[in-house]
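Report on the following structure.
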Amino acid sequence: VFANIVRAPEDSILGVTVAYNKDSSPDKLNLGVGAYRTEEGKPLVLKVVRRAEQMLVNDNSRVKEYLPIVGLADFNKLSAKLIFGADSPAIQENRVTTVQCLSGTGSLRVGAEFLARHYHQLTIYIPNPTWGNHTKIFGLAGLSVKAYRYYDPATRGLDFQGLLEDLGAAPSGSIVLLHACAHNPTGVDPTIEQWEQIRQLMRSKGLLPFFDSAYQGFASGNLDADAGSVRMFVADGGECLAAQSYAKNMGLYGERVGALSIVCKTADVASRVESQLKLVIRPMYSNPPIHGASIVATILKDRDMYNEWTVELKAMADRIISMRQQLFDALSARGTPGDWSHIIKQIGMFTFTGLNSKQVAFMTKEYHIYMTSDGRISMAGLSSRTVPHLTEAIHAAVTR
Ligand code: LMR
């Protein structure tokens, strides 16, 4: 009965790793998926995560019972505090409902399903370009997905005028997906002043913000600064949704740990919203896994461990920033044609190089360098040792 099934293409991001794994060259370099690597090119488990895991293992009172549908209560409270700020009036007034979900993707999906069932506007505007999975997550949840202008290839910066025009023309009440910080794939974020203009425009038109916060702490190395955009929208008393992931900032990729928060106008509304979120979650996966959320809660509730985490997080962010500088310096020294200053201007895990898909294919074939076909490279996958190889590949790709 399945004989006529057509083979599906590989995922545009995760498929890069599949191709990389098949390559036997000793020079191969994976700059595709956004996953942190050390200077030695190895995955990193944070020391504070290891310490939290040890504590959990040694605690014999811990059992493996099901979590509630909404997940671990401590984890939810602490996650809301992390993104909205400990002194957030929305939290103090119990206007936020937070549910533990399967990392960023799962949080977005649960939020999208909730909106498709209960929100009066079924159109969501996503930036062009955006993370490849966004279109599918929202589309499959039943929302109609439209794009707003975001990136200007000519300046390799923000198309702020285009963004304001497109959001200004969106039907009132539309949902708008915003990257909280470290926009993926471009590494281009609005300034604080631009965020404020976006906020005013969206609130004046009743557009509903849905933040994707996958990189808190990775953009600037400062957790509070990286939540600035979200907090600006919460401070005005209006509603918003926020999807959080701990994949990058705690390195918990495979633990699939994240949270969806919905900020409401009153505590009563928030509790009714939560009751409906439970109806979304139960038939999808019943309840979320316990281990990753326990690690996060252990770290967030202990002042020492929290501080230790911020130091390790800052070290990851700083290494990425240093990779930007090293790549930029190497291309300048090599005399590679073009202006590469966007490499040091863009922020977060990725550089949107401006290389086209043919150049990317050339670099993969001739230099065994793997990246997404839109020219995005994960700076977190680069090290001082591999910068020269990447520089040679880029130089060859743009001069051939
Ligand atoms: C990425 O964009 O590389 C990451 O967010 C990983 C993923 O799931 O795509």
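Among the small types (Gly, Ala, Ser) and either in the same structural domain as ALA154 (by TED's automatic domain parsing) or farther than 27 Å from ASP152 by Cα (or both): which single residue out of SER357, SER384 fits that description?
Answer to the selection: SER384.
If a residue has to be touching a residue at least 24 places away in the same chain (Cβ under 8 Å) and within 15 Å of the ligand (Cβ to nearest atom) to count, how many in region 1-26 make the cut?
Final tally of qualifying residues: 7.
Do you know which residues across region 27-37 are away from the ligand (no atom under 16 Å from the Cβ) and modelled with pLDDT of 95 or more?
Correct list: LYS28 only.
This table checks each residue for (1) at pLDDT 95 or above; (2) assigned by TED's automatic domain parsing to the domain that holds TYR36; (3) loosely packed, with under 15 Cβ neighbours inside 10 Å; (4) over 19 Å from the mean Cα position of the chain (by Cα).
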{"site": "VAL234", "(1), (2), (3), (4)": "yes, no, no, yes"}
{"site": "VAL257", "(1), (2), (3), (4)": "yes, no, no, no"}
{"site": "SER261", "(1), (2), (3), (4)": "yes, no, no, no"}
{"site": "ALA270", "(1), (2), (3), (4)": "yes, no, no, yes"}
{"site": "PRO283", "(1), (2), (3), (4)": "yes, no, yes, yes"}
{"site": "ILE295", "(1), (2), (3), (4)": "yes, no, no, yes"}
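Suppose we filter region 180-196 for residues that are in contact (Cβ under 8 Å) with a residue 12 or more places away in the chain and farther than 15 Å from VAL234 by Cα; how many remain?
Going through region 180-196 one residue at a time, the tally reaches 11.
Out of the residues in region 333-374 meeting the condition of being over 20 Å from GLU10 (Cβ atoms), of a type in the set (A, V, I, L, M, F, W, C) and within 16 Å of the ligand (Cβ to nearest atom), tell me which one is modelled with the highest pLDDT.
Selected residue: PHE352.
Given ILE137, ILE126, which one is of a type in the set (A, V, I, L, M) and under 27 Å from HIS342 (Cβ atoms)?
ILE126
Within region 359-371, is there a residue that is part of a loop (DSSP other than H, G, I, E, B), of a type outside the set (D, E, K, R) and over 22 Å from GLU39 (Cα atoms)?
So far as region 359-371 goes, no, none of its residues is part of a loop (DSSP other than H, G, I, E, B), of a type outside the set (D, E, K, R) and over 22 Å from GLU39 (Cα atoms).
Conditions: (1) surrounded by fewer than 17 Cβ atoms within 10 Å (Cβ to Cβ); (2) under 27 Å from LYS314 (Cα atoms); (3) not acidic (Asp, Glu). ALA35 meets all but one. Number of the miss?
(1)
Does any residue of region 39-47 turn out to be more than 16 Å from the ligand (Cβ to nearest atom), surrounded by 15 or more Cβ atoms within 10 Å (Cβ to Cβ) and within 22 Å of the chain's Cα centre (by Cα)?
Yes, region 39-47 has at least one match.
For region 265-351, list the helices (runs of 4 or more DSSP H) that sit wholly inside it and hold at least 2 residues that are free of Cβ contacts under 8 Å to residues at least 60 places away in the same chain; which are they?
Result: 267-285, 303-334, 342-345.
Enumerate the strands (runs of 3 or more DSSP E) found wholly within region 62-180, keeping only those where 2 or more residues are modelled with pLDDT of 95 or more and over 17 Å from SER271 (Cα atoms).
123-128, 144-149, 175-179
Hey, can you tell me all the residues within region 360-378 that are within 14 Å of PHE350 (Cα to Cα) and of a type outside the set (Gly, Ala, Ser)?
Residues satisfying the conditions are TYR370, MET371, THR372, ASP374, ARG376, ILE377.
In this structure, is ALA397 touching a Pro at 6+ places or on another chain (Cβ under 9 Å) and either in a helix (DSSP H, G or I) or not assigned by TED's automatic domain parsing to the domain that holds SER220 (or both)?
It is false that ALA397 is touching a Pro at 6+ places or on another chain (Cβ under 9 Å) and either in a helix (DSSP H, G or I) or not assigned by TED's automatic domain parsing to the domain that holds SER220 (or both).
Here is a list: SER229, SER204, SER245, SER220. Which entry is surrounded by fewer than 22 Cβ atoms within 10 Å (Cβ to Cβ), modelled with pLDDT of 95 or more and hydroxyl-bearing (Ser, Thr, Tyr)?
None of the others qualify; the one that does is SER204.
Being buried (at least 20 other Cβ atoms within 10 Å of the Cβ) and more than 16 Å from the ligand (Cβ to nearest atom) narrows it down to one residue among ALA116, ALA73, ALA141, ALA154; which is it?
ALA141 is the lone residue from the list that is buried (at least 20 other Cβ atoms within 10 Å of the Cβ) and more than 16 Å from the ligand (Cβ to nearest atom).
The values are calculated or read from the model by the stated rules, or taken from the named source; none is laboratory data. A quick note: this is a predicted structure, and the numbers were derived from the prediction, not measured. For neighbour counting, all protein chains shown are included, and Cβ atoms are generated from backbone atoms with ideal geometry for every residue, glycine included.
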